[in-house]
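One structure is given below, encoded as structure tokens.
The values are calculated or read from the model by the stated rules, or taken from the named source; none is laboratory data. Please read these numbers as outputs of a predicted model, since none were measured by experiment. Heads up, the Cβs are rebuilt from the backbone with ideal geometry, glycines too, and the neighbour counts pull from every protein chain shown. Only protein heavy atoms, including side chains, enter the accessible area calculation; ligands, DNA and RNA are left aside. Shrake-Rupley method; radii C 1.70, N 1.55, O 1.52, S 1.80 Å.
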Amino acid sequence: MTDVRKATIEAFKKQFGRDPKMQAYAPGRVNIIGEHTDYNGGFVLPCAIKYGTAMAAAENGTGKMRIFACDINGGEADEFEISENIAKHPDKLWVNYLRGMTQMIARKFKGQVKGLDVTVSGDIPQGAGLSSSASLEVTFGHLVSEAFGLKIPLQEIALMGQASEAYIGMKCGIMDQTISACGTKDHALCIDCRSLKLTQVKIPENLSVMIINSNVKHQLVGSEYNDRRESCEKAAKILGVKLLRDATLEMLEAKKSALDEVSYRRARHVITEDQRVLDAIGALEGGDLKKLAALMYASHCSMRDDFEITISEIDGLVEIVRDVLGADKGAVRMTGGGFGGSVVALVGPENVQQVKDAVNARYKAISGRDATIFETKACTGAQFAKL
Ligand code: GLA
């Protein structure tokens, strides 16, 4: 049993004075390639990571959810009535993800959701762009579904998680919740974000997935993300398509004069990024690390120059790693929504230590802080067990 699972069981006994009856868990994610393509109906290629959120729970015989988060401010509690219209908490952001999920499930399964006592613990670094909030939503959605026999399919739980983000004010896509729910061991997941078709893509055994956290916190519940989305929607309208997924570079060039310069570049990122995801799947399947490296770096440059979601610390980290890996010893790019967060690298095990050494030696000088580095395998998505 991983530590977060144990922590929730111990905390449950202490907090509620009895044994929990069930446990749920869902991981965070790292996106290998395909950034800001999901809400444009395009392709993404994330995998689930070894860190996640655990919950221990038991029915409490009331109409209320009573939640205790072990890791927030040394332990923070909240409770709310289950209903189809749940007010947001004015200042506890973490509980709003759970309020949102409860509302979404209560609307669909009228009267079937009852009170639960729940303890929560997670080990996904916050603000690192590794989807701690999606993992929280999916863990809780799956817990409620299993606790009351609702049998909500995992991809529907993901959609409810996305709706919970909108409830909070973040108009995100479907990537994070889907991979947290549906991740498969040793595989990345290609999500076609228009049809929601899932395709597993094996990550070659001779590649380590490295995540380097810049320790510059990203905060996505903010205007930058929603702004990007608006620009994309505006560009799609001018190009005469429902989603940028349906646009080509030729269509974009033909309408260039009708678009403002910023929307043009935003759309160019999305259109080229969709193609890079498909090409990267080919490169992974064919074991072509050189091609993968070129695609991931092109993705990074496009995020930096066209989508403008990288920051100098992240750009610096990518260059430090590239200096070690050259053109063919590994691939690296920023991962996640942007404005801080982490860099992902796919590296042969023989180069992992060199990458670590270079980051440890050079990152502080450009950023004034240390990076946190870890390796992960691609992990399994949402899990549930009766205790
Ligand atoms: C955040 C969002 C996702 C996705 C990424 C960028 O993680 O939650 O839906 O848009 O940013 O690719």
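Here ARG333, ARG304 are screened, and the one residue that is crowded, with 18+ Cβ neighbours inside 10 Å and part of a helix (DSSP H, G or I) is ARG304. A Cβ distance below 6 Å, combined with a sequence gap of six or more or placement on separate chains, defines the contacts here; from the stretch 73-98, residues that are closer than 24 Å to LYS171 by Cα reach residues that are open to solvent by 80 Å² or more (accessible area, probe 1.4 Å) in the pairs GLU84/ARG107; ASN96/LYS88.
Filtered by the rule that a residue be part of a loop (DSSP other than H, G, I, E, B) and touching a residue at least 60 places away in the same chain (Cβ under 8 Å), the stretch 131-177 gives SER131, LYS171, CYS172, GLY173, ILE174.
Considering the stretch 151-178, the residues that are within 13 Å of the chain's Cα centre (by Cα) and among the β-branched types (Val, Ile, Thr) include one that is farthest from the ligand (Cβ to nearest atom), namely THR178.
Need at least 2 residues that are of a type outside the set (Lys, Arg), closer than 18 Å to GLU35 by Cα and open to solvent by less than 60 Å² (accessible area, probe 1.4 Å) per element, so show me which helices (runs of 4 or more DSSP H) inside the stretch 211-285 make the cut, counting only ones lying wholly within it.
Numbers: elements: 223-239, 249-254, 261-285.
Correct list: 223-239, 261-285.
Could you list all residues from the stretch 33-74 that are open to solvent by 20 Å² or more (accessible area, probe 1.4 Å) and either modelled with pLDDT under 95 or in contact with a Ser or Thr (Cβ under 9 Å, 6 or more places away or on another chain) (or both)? Listed by number, the residues that qualify are PHE43, LYS50, TYR51, GLY63, PHE68, CYS70, ASP71, ILE72, ASN73, GLY74.
Among the residues in the stretch 159-166, are any of a type in the set (Asp, Glu) and on the phi < 0 side of the Ramachandran plot? Yes, because at least one residue in the stretch 159-166 is of a type in the set (Asp, Glu) and on the phi < 0 side of the Ramachandran plot. Taking first residues from the stretch 317-344 that are under 11 Å from LEU292 (Cβ atoms) and within 12 Å of the ligand (Cβ to nearest atom) and partners that are in a loop (DSSP other than H, G, I, E, B) and not hydrophobic (A, V, I, L, M, F, W, C), the Cβ contacts under 9 Å between residues at least 6 apart in sequence or on separate chains come to ARG333/GLU35. For the stretch 123-134, the tally of residues that are open to solvent by less than 30 Å² (accessible area, probe 1.4 Å) and more than 14 Å from the ligand (Cβ to nearest atom) stands at 0.
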